[in-house]
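Working notes for the structure below.
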Amino acid sequence: MKQVCAILMIGLIVITGCTEDNRANSTEPQQTSPVHDEPAVSKATQAPKTTQAVITENLEVPWSIEKLGDTFYVTERPGTIVTIENGSVVRHSLELEKQLAGASEAGLLGFVLAPDFSETHLAYAYYTYEEESGQYNRMVTLRMEEQAWKEERLLLDRIPSGSVHHGGRLEIGPDRKLYATVGDASESEIAQNPNTLGGKILRMNLDGSIPSDNPFPNSYVYSYGHRNPQGMTWLPDGTMYASEHGNNANDEVNQIKAGSNYGWPVIQGDEKQEGMITPIFTSGDGATWAPSGMDHNNGKLFVATLRGEAILEFDLQTGKSREVVTGLGRVRDVLIEDNILYFISNNSDGRGTPQENDDKLYRITLPE
């Protein structure tokens, strides 16, 4: 458990013609290159201009935001966790059992603090690794010790991983279960097979065991038929939602129900088929958002978008959507607390155009 894996990702292939939901057969470069022949970006209604405050800058391919009190924790894909508190920014190393993968979209991804983190210094992480037998994703516990994070316990291993579509979002639901989004690893057919972990949303107890009330006996699978889901949130009433990358278009926001089939690759967008769930919001044919992290506030969903270069607000009552943040490039994750929206830009991931001192952690105040 002492191998240091805080490594830089190198050697990624320069691409054109794909977006960060990693359209089929795409790869993700580390060097910025122009993008051609992409589907149009779906234009939601634009909200009045808001003023963003920068909390910190010069982040390196950030992926996930956590916050406890006045302290932020931001994962960076090359294998570090940044702690931000009262103007102080510290980048902590990460000691992992396996070597972080340098594949497209891979590395240190999802991260969530344990409910008792203040006492235990325990957190959960999802990362992509490679070894002689292949490339996989795994879920582990991390513990903060002497200014370094160390992998402590394996929860789930050999989660499918391919050239792209790793999924990777972790969240603890209101039921105190750990949820994980898993992509189809560029093998779309596995999303329809409930006996595999790819193309799924998974649910487990915090100790890594399978909950007795999961929809499929002795299985972590909570829902299936997903392409590359990257965001999850729950309303106060417990209703669960997830964001998902479509294939060149038809990105989705879904209401998630235990045991349900969300259609990929059989249906997408507004298509319907018996026994499969159609999304409550979709970018439609020929348009894309490339949605990632999400949160909620006052009956509305807020979704970070990469290709869309915005934060989108989806009103669950009216069915309408609008842009609440634009002009800052790619947005990877959002977090809402006390009517404050925090978010991280992701222009340094090789597909954006980095601005000065990118990437950054921002905040804005949402209207009452």
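The table for this structure:
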item	result
Residue ranges of strands (runs of 3 or more DSSP E) in the stretch 280-368 with at least 2 members of a type outside the set (A, V, I, L, M) and within 15 Å of the chain's Cα centre (by Cα)	291-297, 300-305, 331-337, 340-345
Strands (runs of 3 or more DSSP E) within the stretch 39-105 that include 1 or more residues modelled with pLDDT of 95 or more, closer than 23 Å to I172 by Cβ and of a type in the set (S, T, Y)	62-68, 71-76, 80-85
Cβ pairs under 9 Å, 6+ apart, first in the stretch 140-162 and of a type in the set (D, E), second at pLDDT below 95 and buried (at least 16 other Cβ atoms within 10 Å of the Cβ)	E151/C5
Sole exception among (1) more than 26 Å from E189 (Cα to Cα); (2) surrounded by fewer than 24 Cβ atoms within 10 Å (Cβ to Cβ) for M276, by number	(1)
Residues (of a type outside the set (S, T, Y) and more than 24 Å from L109 (Cβ to Cβ)) located in the stretch 282-296	G284, D285, G286, A287
Single condition G350 does not satisfy, out of (1) at pLDDT 95 or above; (2) on the phi > 0 side of the Ramachandran plot; (3) not charged (D, E, K, R)	(1)
T282 of a type in the set (V, I, T), buried (at least 18 other Cβ atoms within 10 Å of the Cβ) and either within 24 Å of A180 (Cα to Cα) or in contact (Cβ under 8 Å) with a residue 24 or more places away in the chain (or both)	yes
The stretch 107-149: number of residues that are surrounded by fewer than 18 Cβ atoms within 10 Å (Cβ to Cβ) and of a type in the set (V, I, T)	1
Pairs, first without any contact (Cβ under 8 Å) to a residue 12 or more places away in the chain in the stretch 216-243, second of a type in the set (K, R) and assigned to a strand (DSSP E or B), C-beta under 6 Å, six or more apart	none
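The values are calculated or read from the model by the stated rules, or taken from the named source; none is laboratory data. Keep in mind that this is a model prediction, so the values were computed, not measured. When we count neighbours, we look across all protein chains shown, and the Cβ atoms used for this are built from the backbone with ideal geometry, even at glycine.
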